[in-house]
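Beneath this line is the structure, given in structure tokens, with notes to follow.
The values are calculated or read from the model by the stated rules, or taken from the named source; none is laboratory data. Nothing here was measured: the structure is a model prediction, and the numbers come from that model. Cβ sites come from the backbone with ideal geometry, for glycine too, and all protein chains shown count toward neighbours. What goes into the accessible areas is simple: the full protein's heavy atoms, side chains included, and nothing from ligands, DNA or RNA. Shrake-Rupley method; radii C 1.70, N 1.55, O 1.52, S 1.80 Å.
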Amino acid sequence: MSEGKIIKVSGPLVVAKGLKGTKIYDMVRVGNTRLFGEVIEIRGNDYSIQVYEETEGIGPGEPVYSTNEPLMVELGPGLIGSIFDGIQRPLDVLRRDLGDFILKGAERPSLDREKKWHFSPDVQINDEVSPGDILGTVKESKLIDHKLMVPEGVKGKVLEISEKDTTIEETIAKIKSDKKVLNINMIQKWSVRQPRKVAKRIPPEAPLVTGQRVIDMFFPVVKGGTACVPGPFGSGKTVVQHQLAKWSDADIIVYIGCGERGNEMADVLLELPELKDPKTGESLMERTVLIANTSNMPVAAREASISTGITIAEYYRDMGYSVAVMADSTSRWAEAMREMSGRLEEMPGEEGFPSYLGSRIASFYERSGNVICLGSDNRKGNLSIIGAVSPPGGDLSEPVTQATLRVVKVFWGLDDKLASQRHFPAIDWMSSYSLYHDVVDEYASTKVNPGWKEIRREAMELLKKESELEELIRFVGIDTLSQNDRLIMEVSKMIREDFLRQNAYDTRDTYTSLRKEYLMLDLIIKFYHKAINALKSNVELNKIMCILSKEDISSAEFIPEDQLFKFQDIERKMIHEIDGITENSLGT
Amino acid sequence: MYKEYLTVKDIIGPLMFVEDVEGITYGELVQVKLNNGDVRYGTVIEVEERLALVQVFEGTRGISPENAKVKFLRKGLEIGVSPDIVGRIFNGSGHLIDGRPNIIPKKRLNIHGHPMNPYARDYPNEFIQTGISAIDGLNPLVRGQKLPIFSGSGLPHSRLAAQIARQSKVLKTGEKFAVVFAAMGITFDEANFFISDFKRTGAIERAVMFINLANDPSIERITVPRMALTVAEYLAYELDMHVLVIMVDMTNYCEALKEISAARKEVPSRRGYPGYLYTDLSTIYERAGRIKGKKGSITQIPILTMPEDDKTHPIPDLTGYITEGQIMLDRGLNGAEIYPPIDVLPSLSRLKDKGIGKDKTRDDHADLLNQLYSAYARGKNAKEISVVIGESALSPVDILFVNFSERFEKEYICQGEYEDRTIEDTLNIGWKLLGIIPRAELKRIRPEYIEKYYRETPI
Ligand SMILES: Nc1ncnc2c1ncn2[C@@H]1O[C@H](COP(=O)(O)OP(=O)(O)O)[C@@H](O)[C@H]1O
Ligand SMILES: [Mg+2]
């Protein structure tokens, strides 16, 4: 281990000499208080280090120790339900041992070393195994069976393995690999800058169902896909991310609070344990890993938090799970890069961001995907990424948004206007898009209803027509509109208010299944068709809009998931009422 | 004991390079003595083996390489605290200016504090009644929240902040309160307004004030909010007090930061502000909050004036990205003599949801709030259309909404500077005005509340 000496301190950047042999991206310990740092540039004898902790009190002359290891995460049982900072320090343990504020040089193992887990083998003595093969299982939480996989570079015969209660450090198996006998325990260390390997990438197959109507129906994301949520402050990025963390049908959620508010993490910690997974009825915390490096925590660790989170996510994907990562906000991550780049006096690109901004963002989203995992069972896993973007002043032409849009396949554009009218989620249906419609339509037409694609198309058309008509009204007033156009306005309003709008804070409205989403929209479209016909028979629009069942349509969101048959009742009532007024008007 | 250096080399803006130094650490406190006996303080913002870059708090005016003796004090910037600090007034460099005897500190605290462990945070959920309808009814404030006022030059943000400080109460008694006030670059008149208002109401007895005026060194504005928040943390977490921190004007703070950044020749991001403005502001704003197991709390009301009334300017923009909502003042309403001129549509309280409702304010509060918002938005929208193409273009229902929105501004938002409305009053005014609108249009409210509170009032 070489020892160097500090020659410069500038905020989170420290420059040291005499670290010969230390590699770029190696971790070092800085100063007498042994702060965590990472070598990010080497120029001759000068090693630039980004320090993951507050550097006040550190000065030239103090030692720097190299560890000869890159920044690693610990992977193993105990991740689920935990909350870590950007360099995977366990925040709950830090608080228990060191108090309410984060002190310098605080160090605790990421995973609990004492806890006993019940390990059951899935292979037998004398089996031949190779990387990715599942050696055995530990029940990590009520929802998650943690699969212990053969680590990279290990291939050979199992010499010893048995069912037992064990800590993560004890040996669970002996494997003869390359004539050596290796003791395998339940901790794997992995460099966060290095994507984990997969056997093969495959195209997406199924939607990531979010329970959010505007998303699932109009701008869906798939398992293994990518999406971004840009919007000015207060437009609802965090609520969208929280809703997805709560309700999307992934097996595992990794939520990264990257440079955002402390209270938002407190909120997640308060709510998730109380909420029940709609599929299993278990607490949502049983499938969640939290990374919290809030805005006021050291900025270099904020930069690392994204890599830490995605590496943990890849690890669970490798077990064959469907994993979703929420990163709120990727802009804060980009800003952390900009801050370090500025201190390194690199040549700045647009708005001071480093020139490698685009490639960093692209490599992050590239870590998503639907894959065949390593391991001889050819299991499938997938990793979806949903990134919030915080454009300054809501201006989407800025570098982070632009770099993100070049790589992600779904864009949920949040609109300030909608937010100030309290239309939530404030996803602008005119500008947002999803490039996954084919996959989702195919899935939904077999699993939900063959009419899925058609009603989506028709509803979207109505909304587009509405916005054209609105322009028109601005100039000439509502009087000039035909009855048909007025009907379009009315029906579009129903789509907006009764379907697109969804209150995250109302327990009855916060989640909607695909089936119910279909029924809700279908009801509105059926009403539209029925009304057109009535207009043809010269029924007045006012009369149609006054039918009693219109109230039922607009409160359809509150129909419980186990009483979806009620949609038929409403439909029958609606048809009956419109037929009634049509006959009346024909009769007179 | 401390080595004295006579090796000041360059002086650039508020910054000073000292050569041939040894054993210096980042963030260290620096004392600068001038020949004429003047003493100033500063802090090390970058250090190399033989060179320290010092930011001088009271400014570098009058310093020359020949007349300055520099000492490095081996500690960060600290402030002495004790329970006696309550009721006292400091200047921007942390000296008492109220003419009363010095206090004997119980302890000295580093003004940068430490980041709060997010796991230690307790979610703010206790409703604070400010007596102001536009806040209590529509953008409720809770204990431990950071809720800024986005204002413009000449708008009555000071009066509003003073009214909040005067009237704020929690619907519970027997607790200890304090107000910590941090003034950055404001005028003497404005500072005096607060001091006399606090004196008149007796609030001064439980206030701690830090005053940096427009003609004081701008560089002090970097430390003023940090001193104030260090005191606030002491009062909240060690003395169990509920502390309201008012900081005015954050725009001046950001300007000072920009000045230092320019002197260091850093690459700027938007409009000349440093790329780390967001991070820097968060180390101030994130010091609001509550801690599990502690009695006290810190609620922040930062005030900033938006340059050119533009909320996309980096100062309000980055503030809004950190704080838990914003109260937006509007020049148009102010012109129409509506006080407080709060434009409720772009205003927001992000923490309202867990602070209101049954057992906190009233069962109907959340629904009513949503309905008032949407009715007001619709009314204003319709009014805009009618301005372009005439009222005849509006449907009869839209005309009712226009009517609603006008009365809403006059009767709900507008109130006296000394009018302290209870939350019941505020909610009831809301229902009274909704009476203008036909029942069938009230889609945001559950039928049971409509049943209970709605009375149609034909106009
Ligand atoms: N789906 C929703 N339902 C109800 N309210 C919402 C919803 N989305 C956003 N909001 C409101 O908007 C506020 C701001 O949302 P947030 O996600 O924090 O914005 P951002 O992260 O973009 O700054 C929330 O505090 C909440 O009041
Ligand atoms: Mg947010």
- Find the eigenvalues of the gyration tensor of the Cα atoms of the stretch A:117-186, then list the square roots of 5 times those eigenvalues as equivalent ellipsoid semi-axes, largest first, in whole angstrom. 20, 12, 10
- Query: Is any residue of the stretch A:549-583 close enough, with backbone N under 16 Å, to a label point placed 7 angstrom from the Cα of A:E497 along the Cα-Cβ axis, and if so, which?
  - Reply: A:549-558
- Message: Nearest 5 percent is fine: what portion of the DSSP beta bridges confined to the protein assembly as shown is antiparallel?
- Response: 65 percent
- Straight distance only, please: which lysines reach the Cα of B:K199 with their own Cα at less than 24 Å, same-chain residues fewer than 8 apart left out? B:K169, B:K176
- Message: Restricting to Cα pairs below 8 Å that are 6+ residues apart, what does the relative contact order work out to for the stretch B:357-459? Please round to a whole percent.
- Response: 31 percent
- Task: Run the dipole for the protein assembly as shown about the Cα centre, Lys and Arg Cβ at +1, Asp and Glu Cβ at -1, nothing else charged, and hand back the magnitude in debye, nearest 20.
- Result: 1760 debye
- Message: Can you tell me how the protein assembly as shown classifies by the Cα gyration tensor, rounded, prolate or oblate, using a/c under 1.5 as the rounded cut?
- Response: oblate
- 5 angstrom amide H check on A:N503, placed H, neighbours 5+ away: none
- Note on the structure: With a Förster distance of 60 angstrom and the Cβ-Cβ distance between B:R108 and B:N381, calculated FRET efficiency to the nearest 0.05 equals 0.60
- Express in % the proportion of alpha carbon pairs of the stretch A:452-587 at distances exceeding 20 Å. 49 percent
- Message: Let me spell out the model: positive unit charges on the Cβ of Lys and Arg, negative unit charges on the Cβ of Asp and Glu, origin at the Cα centre of the stretch A:117-186. What dipole size does that give, in debye rounded to 20?
- Response: 160 debye
- With point charges of +1 on the Cβ of Lys and Arg and -1 on the Cβ of Asp and Glu, referenced to the Cα centre of the protein assembly as shown, which listed residue (A:P70, A:L383, B:G390) lies farthest in the positive direction of the dipole? A:P70
- Message: Need one number: buried accessible surface between chains A and B, 1.4 Å probe, both sides summed, DNA, RNA and ligands left out, in Å² to 100.
- Response: 6400 Å²
- Item | Farthest positive-ward along the stretch A:452-587 dipole, Cα basis, beta-carbon charges - from A:W452, A:L500, A:F565 | A:W452
- Here the stretch A:316-322 yields Karplus 3J(HN,Hα) values (6.51, -1.76, 1.60; θ = phi - 60°; whole Hz; Gly and Pro given as x) of 6, 4, 4, 6, x, 9, 9
- Note on the structure: Using the Cα gyration tensor of chain B, the equivalent ellipsoid's semi-axes, largest first and to the nearest Å, work out to 47, 24, 18
- Amide H contacts of A:A173 (H built 1.01 Å from N, under 5 Å, at least 5 apart or other chain): A:I184
- Item | Cα long-axis angle, helix A:483-494 against chain A (0 to 90 degrees, to the nearest 10) | 40 degrees
- Message: Report the Rg/Rh value for the stretch A:26-76, based on alpha-carbon coordinates and the Kirkwood definition of Rh.
- Response: 0.99
- Out of A:P232, A:G394, A:W412 - ranked by how far each Cα lies towards the positive end of the dipole of the stretch A:200-434, with unit charges on the beta-carbon of charged residues - the top one is A:W412
- Item | Distant-in-sequence amide H partners of B:V245 (H built 1.01 Å from N, under 5 Å) | B:V180, B:T299, B:Q300, B:I301
- Note on the structure: Taking the protein assembly as shown and counting helices only, DSSP H stretches of n ≥ 4 at -39,500 (n - 2.57) each over all residues, the nearest-500 ellipticity at 222 nm comes to -9500 deg cm²/dmol
- Message: Which residues belonging to the stretch B:37-60 lose at least 30 Å² of 1.4 Å-probe accessible area when the assembly is complete, relative to their chain isolated?
- Response: B:E46, B:V47, B:E48, B:E49
- Task: Would you work out what percent of the accessible area of chain B, with all protein chains in place, is carbon or sulfur (probe 1.4 Å)?
- Result: 51 percent
- How big is D for the stretch A:125-257, in µm² s⁻¹ as a whole number, if Stokes-Einstein is applied with the Kirkwood radius of its Cα pairs at 20 °C and 1.002 mPa s? 117 µm²/s
- Query: If you find the alpha carbon centre of the stretch B:407-422 and of the stretch A:475-547, how far apart are they in angstrom?
  - Reply: 37 Å
- Roughly how tilted is helix B:157-167, in degrees to the nearest 10 and between 0 and 90, from the longest Cα axis of chain B? 80 degrees
- Task: Round to the nearest 10 and give me the degree value, 0 to 90, for the angle of helix A:357-366's Cα axis relative to the longest principal axis of chain A.
- Result: 80 degrees
- Message: Above 23 Å lies some portion of the pair distances; for the stretch A:200-434, what is it as a whole percent of all C-alpha pairs?
- Response: 47 percent
- What are the ³J(HN,Hα) values, in whole Hz, obtained from phi via the Karplus relation 6.51 cos²θ - 1.76 cosθ + 1.60 with θ = phi - 60°, for each residue of the stretch B:41-52 in sequence order, with x given for Gly and Pro? 10, x, 9, 7, 10, 6, 9, 10, 4, 10, 9, 10
- Query: Between B:R100 and B:D20, what is the label-to-label distance in nm when each label sits 7 Å out along the Cα-to-Cβ direction?
  - Reply: 4.8 nm
- Pairs from A:K550/B:K410; A:K536/A:K573; A:K139/A:K223 whose Cα-Cα separation, in the structure shown, is over 32 Å: A:K550/B:K410
- Task: Report the dimensions of chain A along its three principal axes from the alpha-carbon atoms, largest first, rounded to Å.
- Result: 98, 57, 41
- Which percent of the accessible area of chain A is formed by carbon and sulfur heavy atoms (probe 1.4 angstrom)? 50 percent
- Sequence order, the stretch A:60-74: Karplus ³J(HN,Hα) from phi using 6.51 cos²θ - 1.76 cosθ + 1.60, θ = phi - 60°, Hz rounded, Gly and Pro as x, gives x, x, 6, x, 10, 10, 8, 10, 6, 10, x, 5, 10, 10, 8
- Message: Take the residue pairs B:K258/B:K292; B:K354/B:K432; A:K116/A:K174; B:K146/B:K311 and return only those whose Cα atoms are more than 28 Å apart.
- Response: B:K258/B:K292
- Query: Taking only protein heavy atoms and a 1.4 Å probe, what accessible area per residue, in Å², does the protein assembly as shown have with all protein chains in place?
  - Reply: 38 Å²
